[in-house]
Amino acid sequence: MATTNLNVRIDEKLKKDAEALFADLGLSLSSAITLFLKACVDYNGIPFEIKKTNRAPAISGDILLQESQVLIDTNIAAYKELSK
(Lines give C-alpha, C1' and ligand atoms only; values in the text may rest on other atoms or scores of the structure.)
Protein backbone atom coordinates (compact mmCIF):
# COMPACT_ATOMS: atom_id res chain seq x y z
CA MET A 1 0.00 0.00 0.00
CA ALA A 2 1.41 3.37 -1.02
CA THR A 3 1.47 6.11 1.59
CA THR A 4 1.27 9.87 1.33
CA ASN A 5 1.91 12.80 3.63
CA LEU A 6 -0.81 14.86 5.30
CA ASN A 7 0.10 18.27 6.71
CA VAL A 8 -2.25 19.68 9.35
CA ARG A 9 -1.85 22.85 11.38
CA ILE A 10 -3.06 22.48 14.96
CA ASP A 11 -2.47 24.10 18.32
CA GLU A 12 0.89 23.04 19.80
CA LYS A 13 -0.58 22.15 23.20
CA LEU A 14 -3.35 20.08 21.60
CA LYS A 15 -0.73 18.15 19.63
CA LYS A 16 1.37 17.46 22.73
CA ASP A 17 -1.68 16.42 24.77
CA ALA A 18 -2.90 14.13 21.97
CA GLU A 19 0.55 12.58 21.54
CA ALA A 20 0.72 11.86 25.27
CA LEU A 21 -2.75 10.31 25.28
CA PHE A 22 -2.07 8.14 22.25
CA ALA A 23 1.32 7.10 23.62
CA ASP A 24 -0.48 5.84 26.74
CA LEU A 25 -2.72 3.84 24.41
CA GLY A 26 0.28 2.46 22.53
CA LEU A 27 -0.37 4.53 19.42
CA SER A 28 1.52 7.18 17.54
CA LEU A 29 -0.27 10.35 16.47
CA SER A 30 0.00 9.15 12.87
CA SER A 31 -1.58 5.77 13.64
CA ALA A 32 -4.38 7.43 15.67
CA ILE A 33 -5.19 9.76 12.78
CA THR A 34 -5.15 6.77 10.39
CA LEU A 35 -7.59 4.93 12.70
CA PHE A 36 -9.87 7.96 12.72
CA LEU A 37 -9.83 8.28 8.93
CA LYS A 38 -10.50 4.55 8.47
CA ALA A 39 -13.44 4.80 10.90
CA CYS A 40 -14.82 7.73 8.90
CA VAL A 41 -14.60 5.77 5.65
CA ASP A 42 -16.19 2.66 7.24
CA TYR A 43 -18.95 4.76 8.83
CA ASN A 44 -19.38 6.82 5.65
CA GLY A 45 -19.20 9.99 7.74
CA ILE A 46 -17.90 11.25 11.06
CA PRO A 47 -18.18 8.31 13.47
CA PHE A 48 -19.53 10.42 16.33
CA GLU A 49 -22.11 13.14 16.77
CA ILE A 50 -21.05 16.70 16.06
CA LYS A 51 -23.43 19.32 17.33
CA LYS A 52 -23.56 22.84 18.58
CA THR A 53 -24.03 22.98 22.34
CA ASN A 54 -26.04 25.52 24.24
CA ARG A 55 -23.45 26.75 26.65
CA ALA A 56 -24.26 29.07 29.48
CA PRO A 57 -22.99 32.58 28.81
CA ALA A 58 -19.81 33.56 30.57
CA ILE A 59 -20.29 35.62 33.71
CA SER A 60 -18.28 38.68 34.56
CA GLY A 61 -15.50 38.61 37.11
CA ASP A 62 -17.46 40.96 39.39
CA ILE A 63 -20.47 38.63 39.47
CA LEU A 64 -18.21 35.64 40.07
CA LEU A 65 -16.55 37.41 43.00
CA GLN A 66 -19.92 38.39 44.47
CA GLU A 67 -21.27 34.84 44.19
CA SER A 68 -18.06 33.44 45.66
CA GLN A 69 -18.31 35.80 48.61
CA VAL A 70 -21.90 34.70 49.24
CA LEU A 71 -20.76 31.07 49.30
CA ILE A 72 -17.91 31.90 51.67
CA ASP A 73 -20.18 33.90 53.98
CA THR A 74 -22.77 31.13 53.97
CA ASN A 75 -20.23 28.41 54.76
CA ILE A 76 -17.74 30.28 56.96
CA ALA A 77 -18.31 27.99 59.94
CA ALA A 78 -17.51 24.90 57.86
CA TYR A 79 -14.38 26.58 56.42
CA LYS A 80 -13.15 27.41 59.92
CA GLU A 81 -13.81 23.86 61.12
CA LEU A 82 -11.92 22.37 58.17
CA SER A 83 -8.93 24.66 58.70
CA LYS A 84 -8.33 23.36 62.25
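Worth a mention:
- Estimated purely from DSSP H runs of n ≥ 4, each contributing -39500 (n - 2.57), the mean residue ellipticity at 222 nm for the chain is -18000 deg cm²/dmol once divided by its residues.
- Taking a Cβ cut-off of under 13 Å around GLU19, the surrounding Lys, Arg, Asp and Glu residues balance to a net charge of -1, with basic ones at +1 and acidic ones at -1.
- Portion, in percent, of the accessible area of the chain that falls on carbon or sulfur, probe 1.4 Å: 58
- Compared with the dominant principal axis of the Cα atoms in the chain, helix 29-43 is inclined by about 80°.
- Degrees, to the nearest 10: 12-24 long Cα axis against longest axis of the chain: 70
- The accessible-area ordering, largest first, of the residues ARG55, ARG9 stands as ARG9, ARG55, per a 1.4 angstrom probe.
- Cα-Cα over 30 Å, subset of LYS16/LYS38; LYS15/LYS51; LYS13/LYS80: LYS13/LYS80
- Ordering of 32-40, 63-71 by packing [mean C-beta count within 10 Å, highest first]: 32-40, 63-71
- Ellipsoid semi-axes in whole angstrom, largest first, where each is sqrt(5λ) of the Cα gyration tensor of the chain: 46, 19, 14
- Rolling a 1.4 Å probe across the protein heavy atoms gives the chain an accessible surface of 98 Å² per residue.
- Rounded accessible area of TYR43 (nearest 10 Å², 1.4 Å probe): 140
The values are calculated or read from the model by the stated rules, or taken from the named source; none is laboratory data. On a predicted model such as this, the values are computed, not experimentally measured, just so you know. Every residue, glycine among them, receives a Cβ derived from its backbone with ideal geometry; neighbour counts consider all protein chains shown. In case anyone asks, the SASA skips ligands and DNA or RNA and just uses the protein heavy atoms, side chains included. Shrake-Rupley method; radii C 1.70, N 1.55, O 1.52, S 1.80 Å.
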